[in-house]
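Everything below concerns the one structure shown next.
Bear in mind these aren't lab numbers, they're just calculated from the coordinates by the rules spelled out. Quantities reported herein were computed from a predicted structural model and do not represent experimental measurements. So basically every Cβ, Gly included, is an ideal-geometry build from the backbone, and we count neighbours across all protein chains shown.
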Amino acid sequence: MIDFDKLPQLQESDLQIGDILIYEYPPFDPNRLAEIIEDPKIEGWYNKMMAYAWYLIHFAIPWCDPGKDRTHYKRFYHAAVWGNVDISRDTKSPDADFQNRIVEAGPGGTLQDSLDKSLKSRGVQNIYVCRYKDRDADFLYKINEQIRKFYNDTDLEYSYETAWLLSVMCSLRYKDGTLREMLEEHFSKETALVIVLMIRMLINHYQEKHQDKMIACSTLVAMIFYDTEKYEIQVDPFEANTPINIPPDFEMDLSQLMPMSIEKDEPYEKMEVGEVFVTPRQLFESSSVECIGYMHHRD
């Protein structure tokens, strides 16, 4: 496990192209919900509910995906990548202006932002920097080529559905996630594993043909690395964690939907899935990267 107390505090000059930035949100603040209701800039109940959902989604994935290290739990809610892109893209300027920037997926699509501005955001407590381990002479060029490909596609839209689906999938992915336990209760551990594997395979297969429909923060980062065809992020989707709490009266008889059983000796574990449907925490905990330090919120 990482000793967070010993991680060095980094400066912008320490960043390298292709570094993965994992954002930690400040503690949950119920007063923020009251602020949304009272905010005159957010007009209409629909927009206020969308603002509610946007605030809560920052916690949905961390709550459902607490990760390996329960002692040093972090509210990881967002992922981005450090790349060199044309910051004049949206100005229609005839002259390109290539600079090192944070490249990320957000409500406005695939965007760039300055590190200083991000660190001053009220939604940032820390940004942890993860660096790909097995870099070679081609890494910087190939990874930035993909960063620019996604960044330059201004038709890409952020998928709220993907973001919420990630939180649901966490409870299926983990061995003791509540939804996973429900499958095991109604079928068997082996059958539950097959169901989850098939869901993962279908989602990732769909994504390969429809990347533009699956853009969220961490999926964008995973797609960038995956599309290099050389630097895919390796993840372990079956780490154990503490299950989320589901009310005891929430019951569902799945046995009538899919009455099946799988023998233990069937080779289901040999299935291979190119994982791009991943959470910020999975990126952080991947064996493909190492955390080299962090940057703290700036006033």
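Sequence-distant or interchain residues sharing an amide H contact under 5 Å with S88, placed H: which?
D97
I'd like the distance between the alpha-carbon centres of segment 99-155 and segment 34-74, rounded to an integer number of Å.
22
State which entries of K6/K149; K117/K149; K133/K213; K41/K142 exceed 32 angstrom in Cα-Cα distance in the structure shown.
Numbers: K6/K149 36 Å; K117/K149 24 Å; K133/K213 29 Å; K41/K142 42 Å.
Long pairs (Cα-Cα over 32 Å): K6/K149; K41/K142.
Could you go through segment 25-39 in sequence order and give the Karplus-derived ³J(HN,Hα) for each residue, using 6.51 cos²θ - 1.76 cosθ + 1.60 with θ = phi - 60°, rounded to whole Hz, and x for Gly and Pro?
Taking θ as phi minus 60°, the curve returns 7, x, x, 4, 10, x, 5, 5, 5, 5, 4, 5, 4, 8, 6 Hz for segment 25-39.
What does the charge add up to near I102, with Lys and Arg as +1, Asp and Glu as -1, over the other residues with Cβ less than 12 Å from its Cβ?
-3
Spelling out what I want: for every residue of segment 4-18, take phi, set θ = phi - 60°, compute 6.51 cos²θ - 1.76 cosθ + 1.60 (Karplus), and round to whole Hz; glycine and proline get x.
Here the 3J(HN,Hα) series is 4, 5, 9, 5, x, 8, 9, 10, 4, 5, 7, 6, 10, 4, x Hz.
Hey, what do the phi angles of segment 122-139 turn into as Karplus ³J(HN,Hα) couplings, whole Hz, using 6.51/-1.76/1.60 and θ = phi - 60°, x for Gly and Pro?
5, x, 10, 9, 9, 10, 9, 9, 10, 10, 4, 6, 8, 7, 10, 5, 8, 4
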